[in-house]
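The values are calculated or read from the model by the stated rules, or taken from the named source; none is laboratory data. All values derive from a computational prediction rather than experimental measurement. Heads up, the Cβs are rebuilt from the backbone with ideal geometry, glycines too, and the neighbour counts pull from every protein chain shown. The protein model used for the area step is the full one, side chains on, heavy atoms only, and it has no ligands, DNA or RNA in it. Shrake-Rupley method; radii C 1.70, N 1.55, O 1.52, S 1.80 Å.
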Amino acid sequence: MESVVLYPIPARGHLISAVELAKLILTQNPSLIINIVLTNPPIKLGPTAPFVAAVSSAIPSIKFHHLPTVPIDPDSYPSHRAILFDHYRLVNPHFRQVLRSLSGDFTLRCLVIDFFCFPALHIASELNIPTYYFFTSGASCLALFLHLPTIYENTTQSFKDLENTFVDLSFMPPVPLSHMPESTLVRGTPECLHIINCAVHLKKSAGIIVNTFESLEPKAVKALSNGNCILDHRIPPVYCIGPLTITTNQSTRDSTTMECLTWLDMQPSRSVVFVCFGSMGLLSKQQLRELGLGLERSYYRFLWVVRNPPSDTQSKDPIAQPDPDLNLLLPDGFLDRTRDRGLVVKSWAPQVAVLSHDSVGGFVTHCGWNSVLESICAVVPMIGWPLYAEQKINKVLLMKELEVALPMNESDGGGSVSSAEVEKRVRELMDESEKRKSLRKRVMEKRDEAMAALSHQNGSSRVALAKLVESWYNI
Ligand code: UDP
């Protein structure tokens, strides 16, 4: 029997995308078995067990394998990212065992790894299994990452000190170096070197699968496929097979889902702004108050997902935190004053269902790539408020290239946003103005193009998927 092995990190956005990728591969070749290998990092990246159980019982061709826990002392690392990077190095012997055992049971056509799991690359090459990357952000961001080692070599300074130096690739809007993911900002740290190393290793894979579609980022996709050479770097074939967004049966409705959807049912069409910062976005107490005041003063309806502010331990484990005490965190009397037009939910909302609801007309987002694709697929224009990872790069793309989002600007260099800015931007997004019409028109065009890429026989994402699967048989 033939199999493809996927090795995602067990963070919600990454795992869901990996399962969606698995389903897509099965549409192309239903006889394959997709083996998904998961580790148990010392930091919680999301509640994966119920999701894994649901997928296992619904799709027998997808099988999960859990690697044993490896001991690691989180206190000896500066951040959750550093822990995660080292975790994938330490767990490698177990990964080798599982891959060996799977290659005894199946003909392994390829291994598809997450960006974070690059230590697995040499295990696969030891066992002669071609390795592909699954890049869970967009093509423009991929191009930038591929170029990162060159940028690093060409300066002696830390990226954080280069806010006036722009990466100017001809196929995307210029991005300041200080917008690079936080792991890369301080030169020479283990985290920074790890990311640079990841970028170097991307080029050594058999191919890179990207969760985007050609017409979303045509210039970047063209640059990535132009003779497989970008800015003098040879790169492997790139397959843009997206947008992959959640299709898993969401019929199990928990109480939060019911609460959100029932509340949305009572609101007028496109009247609600949804405010949510991904699976790990945390705001300080002061920032939560400013955001609350801005929402209140905008007079628009809102559905807001509130999480506890970061604390020292939470910065190492951003997901494992208790539900917030809203009365302590939000401005005095806020919940009473906004009762008629706002719903605040604690920690988590069913984002895809919310965005797809007819009452939602705008999205204040941290610009995580899954959130961006989900918003486009639901035809909801955005306000970009990036917080971590590659989100600042995504924000530039959303505003300057795609023109589907407005910015949420900081009032200082430290990332704080004032209530006045929140009020102004929410109004700008939600007021029936030419600006709103043009944002909606752009999002709708992109949604239509996404559907065409996925559903037409010759849609670019379907063609890319067919080429990808074919490549496994021609290596
Ligand atoms: N999500 C959700 N409810 C929340 C927060 C996030 O359903 O309250 C989902 C969201 O729909 C998306 C994923 O979690 O699928 C977040 O992925 P993204 O790439 O946007 O951001 P990340 O969490 O990886 O930073």
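Residue-wise test of (1) in a strand (DSSP E or B); (2) within 30 Å of Leu454 (Cβ to Cβ).
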residue: Phe302; (1), (2): yes, no
residue: Pro310; (1), (2): no, no
residue: Asp332; (1), (2): no, no
residue: Ala349; (1), (2): no, yes
residue: Gly361; (1), (2): yes, yes
What tally of residues in segment 261-294 results from selecting those that are open to solvent by 30 Å² or more (accessible area, probe 1.4 Å) and away from the ligand (no atom under 16 Å from the Cβ)?
12
For segment 379-401, name all the residues that are of a type in the set (Gly, Ala, Ser) and touching a residue at least 60 places away in the same chain (Cβ under 8 Å).
Ala389
Criterion (open to solvent by 20 Å² or more (accessible area, probe 1.4 Å) and in contact with an Asp or Glu (Cβ under 6 Å, 6 or more places away or on another chain)) met by exactly one of Arg100, Arg109
Arg109
When you check Ser269 against the structure, is it of a type in the set (S, T, N, Q), modelled with pLDDT of 95 or more and outside any helix (DSSP H, G or I), yes or no?
yes
Among the candidates Lys392, Lys424, which residue alone is closer than 16 Å to Ser140 by Cβ and open to solvent by 60 Å² or more (accessible area, probe 1.4 Å)?
Lys392
Quick check on Ser137: is it in contact with a Ser or Thr (Cβ under 6 Å, 6 or more places away or on another chain) and buried (at least 23 other Cβ atoms within 10 Å of the Cβ)?
no
Name the one entry in Val4, Val19 that is closer than 30 Å to Glu182 by Cβ and either more than 22 Å from the chain's Cα centre (by Cα) or open to solvent by less than 30 Å² (accessible area, probe 1.4 Å) (or both).
Val19
Is there a residue in segment 78-96 that is open to solvent by 50 Å² or more (accessible area, probe 1.4 Å) and among the polar types (S, T, N, Q)?
no
Exactly one condition in (1) assigned to a loop (DSSP other than H, G, I, E, B); (2) at pLDDT 95 or above; (3) within 14 Å of the ligand (Cβ to nearest atom) is false for Thr248; which is it?
(2)
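Each row is one residue, and each column tells you yes or no for (1) open to solvent by 10 Å² or more (accessible area, probe 1.4 Å); (2) of a type outside the set (S, T, N, Q); (3) more than 16 Å from the ligand (Cβ to nearest atom); (4) over 22 Å from the mean Cα position of the chain (by Cα).
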{"position": "Leu328", "(1), (2), (3), (4)": "yes, yes, yes, yes"}
{"position": "Pro331", "(1), (2), (3), (4)": "yes, yes, yes, yes"}
{"position": "Leu335", "(1), (2), (3), (4)": "yes, yes, yes, yes"}
{"position": "Arg341", "(1), (2), (3), (4)": "yes, yes, yes, yes"}
{"position": "Trp348", "(1), (2), (3), (4)": "yes, yes, no, no"}
{"position": "Gln351", "(1), (2), (3), (4)": "yes, no, no, no"}
{"position": "Phe363", "(1), (2), (3), (4)": "no, yes, no, no"}
{"position": "Asn370", "(1), (2), (3), (4)": "yes, no, no, no"}
{"position": "Glu374", "(1), (2), (3), (4)": "yes, yes, no, no"}
Phe51 vs. criteria in contact with a helix residue (DSSP H, G or I) (Cβ under 8 Å, 6 or more places away or on another chain) and over 19 Å from Tyr239 (Cβ atoms)
yes
Looking at Glu410, Glu403, can you tell me which residue is on the phi > 0 side of the Ramachandran plot and away from the ligand (no atom under 16 Å from the Cβ)?
Glu403
Filtered residues of segment 273-297 (kept if in a helix (DSSP H, G or I) and among the small types (Gly, Ala, Ser)):
Gly292, Gly294
Exactly one condition in (1) surrounded by fewer than 18 Cβ atoms within 10 Å (Cβ to Cβ); (2) aliphatic (A, V, I, L, M); (3) closer than 28 Å to His14 by Cα is not met by Val305; state its number.
(1)
Check whether at least one residue in segment 143-151 is buried (at least 18 other Cβ atoms within 10 Å of the Cβ) and over 22 Å from Cys367 (Cα atoms), and report yes or no.
yes
Being free of Cβ contacts under 8 Å to residues at least 60 places away in the same chain, of a type in the set (A, V, I, L, M, F, W, C) and more than 28 Å from Ile16 (Cα to Cα) narrows Ile151, Ile123 down to just Ile151
Kindly evaluate Phe115 against the criterion of being open to solvent by 10 Å² or more (accessible area, probe 1.4 Å) and either under 24 Å from Val186 (Cβ atoms) or outside the structural domain of Val186 (by TED's automatic domain parsing) (or both).
yes
Condition check: under 17 Å from Gly281 (Cα atoms) and among the aliphatic types (A, V, I, L, M). Does Met399 satisfy that?
no
Quick check, is Asn394 under 19 Å from Thr212 (Cβ atoms) and either under 14 Å from the mean Cα position of the chain (by Cα) or not hydrophobic (A, V, I, L, M, F, W, C) (or both)?
yes
Filter result for Pro41 (open to solvent by less than 40 Å² (accessible area, probe 1.4 Å), within 16 Å of the ligand (Cβ to nearest atom) and touching a residue at least 40 places away in the same chain (Cβ under 8 Å)):
yes
Could you tell me which residue of segment 376-392 is nearest to Gly294 (Cα to Cα), considering only residues that are away from the ligand (no atom under 11 Å from the Cβ) and aliphatic (A, V, I, L, M)?
Ile383
